[in-house]
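Below is one structure, written out as C-alpha cells; comments come after it.
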Amino acid sequence: MRVSIICTGTELLKGTTVNTNLAFLGQQLAEIGIVPFRALVVGDSAADMRQALEAAATDSELIITTGGLGPTRDDLTRNAVCDFLGLKLKRDFSIVDDLERRWAKRYSTVAREDYLTQADVPENSTVLKNRIGTAPGLWVKGKVQIILLPGPPHELNPMFQNEAMPLLKKLAVKMTFTAGFMIASISELIVQDKIEPLVKGLPISLAYCASIEGVKVFLSGEDKDLVREKAAEAAKLFGDAVLADNRLAVVPEVFERLKKSGYTLGIAESCTGGMIAAAITDLPGASQVFKGAIVSYSNAVKNKLLDIPQPILDNCGAVSRECVEAMVQGAAKNLEANAAIAVSGIAGPEGGTAEKPVGTVHIAAFLQGEIITENYVFPGSRESIRERAKIRALLLLRQLLMKKNRYRVIL
C-alpha cells in the first residue's frame, strides 16, 4: 500500500515544535509492513494544504494528515480535505453533545459556535474517537482515502493505535502477514546485509526501523508459513542480540527478564538525571521489580547517599570507571536490590576536556555481586547523549541477565 503523510503546522517549519508525529506514524506503519514513501510538512495555509493533497493523491492509495483539526482559525485541514474531495460538511450531534459537556464542565457557560465546529464532519467519513482531547479524527473516503489525525502527540498516538490501526489493518490485509523482531546494538547496514540474501527472490518484503536501541525488522508476505520460517531464520543470525518474546523495545524486555527471574532493581544516575528510572516506572507493574533510584548529580550526593569514597571522587573523578563501580555497588546496597545500574558522564554542551570530551559516559551494571562496566564517547546533542546512555545502561544489565538465564526467542 502506497501511503503519504502530510504534517501541518507552521510551528513545525519554524522548528519551535519537533515533528515526533512523523516518527511515530512511520514506526507504527512499519510494524504492519507499510513503509510510507512520502512525507510533507506544510504551514497553516489552505493553499499549501491543497497543493500537498494534490501532490500526494497522484500516486497514493492513502494519505494521513496530522494537525489542523481544532476550533481556531488556523485549523484548516478538515475544510481543505472537503474542498479537495468535493465533499460537504455535516454536523454530528453526538460529537456536539460531548463537546458541550466538556465546555460546561470547564466554563459553566454555553459552548461557543467556533468551538462546536469540531463536530462538523465530511460526508463519507468515519469518526475516530478522541478520548483525550476535543477534536475527533476522521477517515474520509473519496478519490483517495484520507485519515485526519489531531496534532498533539498525546491525542494522536492513542487515536491512531486504537481507532485507525484496526481499520488500516483490514484495508492493508490482502492476506498479508507480518512478522517482526528487534535486534539490539547492531547497525542497520549489517542487519540488511545478513537478512536480504535469505529472502532474495521470495515473495517477501522487508522493512527496517533503526533507532538508538537497535533495528526493528519486519518481514511481510501473503504466505504466512513462509514469512514465519524466514523470520525465524533471520532472527537466528543474530543470536542473543534479538530481543526475547517478540519484544520491539529494550526497556520492557529488560523489565520482563528481571521480573521473571525474581530480581529487584536499584539505579544510580548522574548525567541521565532520572531518565532510566522514568523509563522503568512508565511500565505497568514496575513496583514488582523497581526498588528506587538515587539521582546523584553532585559529588556530595554521590559521597553521602551512595557511599562513594572521597579519594575516588578526588583522584579519579565522577566520570570514571572507579566511580560508576562504586555507584552501582552503593545503589544495590542502599536500595537493597540484587540488580543495579549506574551512569555518570558528560552530556554537554560544556564540561568536556581533552581526556574526557563531551559525550564521555561510564556505565556499570550489577547482578548478584557481579559487576561489568563500559566506557563510551557518544556523539550528538545533549539529549542524544543522555538517551544513548539510558539505552546502553539497560543493555549492559541485559548482558548480565543473559548469562543467568537464556530466553527462547519466539517468532
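Values quoted throughout were computed directly from the atomic coordinates according to the rules given, and no laboratory measurement underlies them. Bear in mind the structure is a predicted one, so any value in this text is a computation, not a measurement. Positions of Cβ are backbone-derived with ideal geometry, glycine not excepted, and every protein chain shown enters the neighbour counts.
Annotations
- Amide H contacts under 5 Å for residue 68, placed H, 5+ residues apart: 151
- According to the Cα-based calculation, Rg over Rh for the range 3-172 is 0.95, with Rh computed by the Kirkwood formula.
- Amide H contacts under 5 Å for residue 264: 338, 339, restricted to partners 5 or more places along the chain or on a different chain, H placed in the peptide plane at 1.01 Å from N.
- The chain, relative contact order [Cα under 8 Å, separation at least 6], %: 11 percent
- All distinct Cα pairs of the range 31-104 go into the 1/r average, and the inverse of that average, the Kirkwood radius, is 14.4 Å.
- Sites listed here are GluC sites (Glu not before Pro) in the range 320-379 whose DSSP assignment is loop and whose Cβ has at most 11 other Cβ atoms within 10 Å: 336, 350, 355.
- Partner lysines for residue 170 [C-alpha distance under 21 Å; skip if fewer than 8 residues away on the same chain]: 129, 141, 143, 224
- Average projection, convex hull of the Cα set of the chain: 23.8 square nanometres.
- Candidate cross-link partners of residue 259 among the lysines, defined by an alpha-carbon separation under 20 Å and a same-chain spacing of 8 or more, comprise 291, 333, 390, 403, 404.
- When peptides 98-105, 32-39, 78-85 are ranked by their average number of other Cβ atoms within 10 Å per residue, the highest-first order is 78-85, 32-39, 98-105.
- Net +/- balance of residues flanking residue 166 in space, Cβ distance below 14 Å, scoring K and R +1, D and E -1: +1
- Estimated translational diffusion coefficient (Stokes-Einstein, Kirkwood radius over Cα pairs, 37 °C, 0.692 mPa s) of the range 177-242: 281 µm² per second.
- Base-10 log of normalised Debye intensity for the range 226-363 (one unit scatterer per alpha-carbon) at q = 0.14 Å⁻¹: -0.72
- Net charge, residue 107 excluded, C-beta distance under 13 Å - Lys, Arg +1, Asp, Glu -1: +4
- Segments 153-161, 133-141, 268-276 sorted - mean Cβ within 10 Å per residue, highest first: 268-276, 133-141, 153-161
- As a rough guide to protection, the peptides 342-348, 126-132, 207-213, 6-12 ranked by mean Cβ packing within 10 Å, highest first, stand as 342-348, 6-12, 207-213, 126-132.
- Share of Cα-Cα pairs in the range 95-225 lying beyond 18 Å, as whole percent: 68 percent
- Cross-link partners of residue 200 among aspartates and glutamates (Cα-Cα below 16 Å; sequence separation of 8 or more within a chain): 222, 223, 229, 233
- Ratio Rg/Rh, restricted to the range 35-74 and using Cα atoms, in which Rh is the Kirkwood radius: 0.98
- Contact order normalised by residue count of the range 177-242, Cα under 8 Å, 6+ apart, percent: 47 percent
- Coupling constants for the range 386-402 follow from the phi torsions by the Karplus curve (6.51 cos²θ - 1.76 cosθ + 1.60, θ = phi - 60°), and in residue order they are 5, 5, 4, 4, 4, 5, 5, 5, 5, 5, 5, 5, 4, 4, 5, 5, 5 Hz; glycine and proline get x.
- Over 17 Å [Cα-Cα, the range 285-326], rounded percent: 34 percent
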